[in-house]
Amino acid sequence: SGYAGCGKSSLLNFLIGSCEKDNWFVLSCKFDKQAAEHMVLARAFDNFFGKWHDLGKNADRDQLMHKSFLRVSRLIMSAVDDEGFDQLCRFIPNFARAFPPLSRKIRFQDQDGISSMDKVGSAGKQLLSLFNVVLKSICSVGYPVLFTFDDLQWSQSFAMEVIKELVVNYDHDTAPYSLGKSNNNTGQGLFVAGTYRSNEVEDGSDLIRNIQYMNESKKVNILNIVELKKADVTQLISVKLCLPLRYTQELAGLVQRKTRGNPFFIAQFLRTLIQTHTLQFSVKSRRWEWDIDVVDMQMITDGVAELLASTFSRLPSELMQT
């Protein structure tokens, strides 16, 4: 948790990249105000199945991962009835690609103006059950699984039910999600990671209550991402400007004070200093130079939206028109 721009999504993306390099199964979704949450979750599953369709057939690693993906698909098929299969094919088109003869018959059945969510029957509960089947199958072939949820402040009850099912009911010791054995030596397990903006969530909100409920299972670690301290900003600027720490301490202190240590604001503020030539590279001295008094006179906005608007206003007029 943390304020907007503090680096939560960047940290989550770094985690995703690290797990993908270690051959984890990775599913990720990002909530927003406009998209329905069940479609956000469905898109995460669809992207997952889409990745394995694109695997090459030459490398041994790709062949092994492709076989595991097919095994996941077969496990799902064995756990759902015809109606459930049709619903999964509507919500997860890339899953349907694994069974083209079976899914072809339902490909054009969703054109009568009725939304897929309405057709699920007892909508939420049945769809939640189907998503749980998919998750259990993914967790059952011997690969560790990472599922990330970004911007949870915009999630609602349906998404939280999915997350609670993952966190509270999954047991790494007894692996109740295991539907079969695997010869894969990478081990299995489930790692759920999520982010939310702490300044946009009230203490008594449903999200906080659900996090507290999950925390009672003693499987939840809460990481609060705070602002960067002066020493952190000094180190950052020194590395970027290729200067010793003693040269950048005063500038870093000023930047940290103006941006309140927010990483996004720091990056945007430094970019603004460069664009206005307040911070510039001197060919003569072969180093970055600045006037600390001029930097101190620079204004910075209080919000991300205002900062972006200010950045856009400096774009060329031709680009603004497009």
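The values are calculated or read from the model by the stated rules, or taken from the named source; none is laboratory data. These numbers come from a predicted model, not from an experiment. Neighbour counts run over all protein chains shown; Cβ positions are idealised from the backbone, glycine included. Note: areas computed on protein heavy atoms with side chains; ligands, DNA, RNA excluded. Shrake-Rupley method; radii C 1.70, N 1.55, O 1.52, S 1.80 Å.
Our Cα-only numbers for segment 222-272 put the radius of gyration and Dmax at 10.8, 36 Å.
For residue 157 and residue 247, the FRET efficiency from 1/(1 + (r/R0)^6), where r spans their Cβ atoms and R0 equals 41 Å, is about 0.20.
These residues, 247, 143, go from largest to smallest accessible area, 1.4 Å probe, as 247, 143. In square angstrom, rounded to the nearest 10, how much accessible surface does residue 293 have for a 1.4 Å probe? Approximately 110 Å² for this residue. Comparing Cα centroids, segment 7-34 and segment 220-292 end up 27 angstrom apart. Ordering of 76-82, 286-292 by packing is 76-82, 286-292, highest average first (other Cβ atoms within 10 Å, averaged per residue).
Here is the link list: 67/125; 21/219; 30/258; 219/240. Which ones come out longer than 27 Å on Cα distance? 67/125; 30/258; 219/240, as the Cα separations exceed 27 Å there. Near the amide H of residue 194, within less than 5 Å, lie the amide hydrogens of 149, all on another chain or at least 5 residues away, with H placed in the peptide plane.
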